[in-house]
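These notes concern the structure reproduced below.
The values are calculated or read from the model by the stated rules, or taken from the named source; none is laboratory data. On a predicted model such as this, the values are computed, not experimentally measured, just so you know. Positions of Cβ are generated from backbone atoms using ideal geometry, with glycine treated the same way; all protein chains shown enter the neighbour counts.
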Amino acid sequence: MDITKTATRTIRDGYALVRIGFKSLTEFEMYLRSDPPVNSHIFKQMMSINAPTDFSGEPLEKALDYCHGGYRKNFDRFMELKKMMDSVNTAYGHGRKTVSSVVGSRPNVPSYLAGAPKTMYRIEKVKEKKFIDIYFNLAYGGVTRDEQVINRGLLTLNLVSLMEENGIGVNLYVFEACHVENEVFLAEISIKKPGEPLNVGKCFYPLCGKEFVRRLMLRLKESMPFKQDWGISYGLLLDETKVRELLGIGGKKLLILSPDKMGIYGRDLYADADAFLDKLDLQDTISLPGYRKLGDKDK
C-alpha cells in the first residue's frame with residue numbers, strides 16, 4: 001500500500017476521493033503538531049477542539065501527547081484477556097524437522113560411528129514465514145458505547161499478539177473511511193510492521209482511545225481539501241464493499257469494521273470475542289477460554 005503524508009484528490013467511479021496516509025504513528029503525530037491549515041470554508045468551528053469532553057475525551061493537546069504510548073486506560077483488561085487467550089491457544093500447526101544435536105530423543109548412529117560430536121537427533125519446529133495484513137477501521141457511529149470500542153480494540157490487539165507469537169508476521173493498519181454525498185475521505189496509518197515487536201502501549205491508543213478518533217482524526221479532517229459540507233457531520237461511515245474496494249482487501253487480508261458490524265456490544269467480553277472471531281472466520285483457528293453465551297447462568 002502506498003502511504004504518503006500528502007493529501008491527494010482524485011475522481012474515481014463518480015466519487016471524489018480525498019486520501020492521505022502515514023508510515024507510522026509518529027509521522028501522523030508530527031503532521032498534526034505542525035498545525036496544518038484549517039479548511040475554514042468548510043469547518044466554521046473546530047470540533048477537534050470544541051467538542052465536549054464527555055463525548056470526545058481529553059483536550060486536543062493531551063490527545064496528541066498520548067501518541068507517545070502513554071495511554072493506559074483499561075490496559076489491565078487487555079493484559080487479563082491476553083493471559084486467558086494465550087492459555088488456550090497453541091501454535092498454528094507449524095511443521096517439524098529433525099536435526100543433529102549433542103542431546104536429543106534418539107541416537108544418530110552414523111554420526112556416532114564417525115566420531116562426530118552431534119550423536120543424537122532432536123526434533124525442532126519449522127517456523128514458516130507467513131504474513132498477514134490487518135486493516136482496522138477507526139470510525140464508528142456517534143451512539144457507540146465506550147465498552148464496545150474498548151472490547152474491539154482489546155480483541156484486535158490480542159489477535160495480533162497471538163499471531164506474532166506463533167510465527168505470523170502482521171502488518172497492522174488503522175484507517176478511517178467515510179463520506180459526505182459523493183466525496184470520500186480515506187486516511188491510513190501503519191502502526192505495526194512484520195518483524196517489529198508488538199508495542200502494545202503504542203497500538204493500544206488508536207485502537208481503544210476515543211480521543212484518537214474524536215480529537216486527532218477530526219483535526220486531520222479539518223485540514224483536508226474538502227468541497228462538500230463536512231463541517232456538520234464530519235462524514236458518514238462508508239459501506240464495507242466500498243472500503244474493501246478502496247483498500248484492495250481480498251481473501252488474505254483481515255478487515256475489522258466498527259464494533260456493531262463485528263457483533264461487539266460491550267456487555268459480555270466472551271460473547272463479543274465469539275462474534276469477532278466468527279466475523280473474521282477464525283473460529284476454527286483460535287479457541288476462547290471459558291466461553292459462555294449471554295444469559296447462560298449454568299456456565
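Data for the structure
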{"read-out": "Given (1) closer than 30 Å to Leu17 by Cβ; (2) assigned to a loop (DSSP other than H, G, I, E, B), number of the condition Phe276 does not satisfy", "value": "(2)"}
{"read-out": "Single condition Lys242 does not satisfy, out of (1) closer than 19 Å to Gly141 by Cβ; (2) among the charged types (D, E, K, R); (3) in contact with a helix residue (DSSP H, G or I) (Cβ under 8 Å, 6 or more places away or on another chain)", "value": "(3)"}
{"read-out": "Candidate set: the range 43-72, residues that are aromatic (Phe, Trp, Tyr) and assigned to a loop (DSSP other than H, G, I, E, B); chosen: the one nearest to the chain's Cα centre (by Cα)", "value": "Tyr71"}
{"read-out": "Tally, over the range 180-202, of residues that are of a type outside the set (Phe, Trp, Tyr) and part of a strand (DSSP E or B)", "value": "10"}
{"read-out": "Count of the range 152-178 residues which are closer than 25 Å to Thr241 by Cβ, polar (S, T, N, Q) and in contact (Cβ under 8 Å) with a residue 60 or more places away in the chain", "value": "1"}
{"read-out": "Answer from Glu128, Glu124 - the residue that is more than 30 Å from Asp229 (Cα to Cα), modelled with pLDDT under 85, part of a strand (DSSP E or B) and more than 18 Å from the chain's Cα centre (by Cα)", "value": "Glu124"}
{"read-out": "Pick from the range 229-248, criterion part of a loop (DSSP other than H, G, I, E, B) and crowded, with 16+ Cβ neighbours inside 10 Å, ranking: nearest to the chain's Cα centre (by Cα)", "value": "Leu238"}
{"read-out": "Residue list for the range 177-203, restricted to those being farther than 25 Å from Leu17 by Cα and of a type outside the set (Gly, Ala, Ser)", "value": "Lys192, Lys193, Pro194, Glu196, Pro197, Leu198, Asn199, Val200, Lys202, Cys203"}
{"read-out": "Number of positions in the range 269-299 that are of a type in the set (D, E, K, R) and modelled with pLDDT of 85 or more", "value": "5"}
{"read-out": "Filter result for Pro206 (modelled with pLDDT of 90 or more and crowded, with 20+ Cβ neighbours inside 10 Å)", "value": "yes"}
{"read-out": "Residues within the range 27-64 that are exposed (fewer than 15 other Cβ atoms within 10 Å of the Cβ) and more than 22 Å from Gly235 (Cα to Cα), tallied", "value": "5"}
{"read-out": "When residues of the range 146-189 are limited to those that are charged (D, E, K, R), over 17 Å from Ile256 (Cα atoms) and modelled with pLDDT of 90 or more, the one surrounded by the fewest Cβ atoms within 10 Å (Cβ to Cβ)", "value": "Glu181"}
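Yes/no matrix, rows are residues, columns are (1) in contact (Cβ under 8 Å) with a residue 12 or more places away in the chain; (2) farther than 21 Å from Arg77 by Cα; (3) within 13 Å of the chain's Cα centre (by Cα):
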| site | (1), (2), (3) |
| --- | --- |
| Val180 | yes, yes, no |
| Lys193 | yes, yes, yes |
| Lys210 | yes, no, no |
| Met217 | yes, yes, no |
| Lys221 | yes, yes, no |
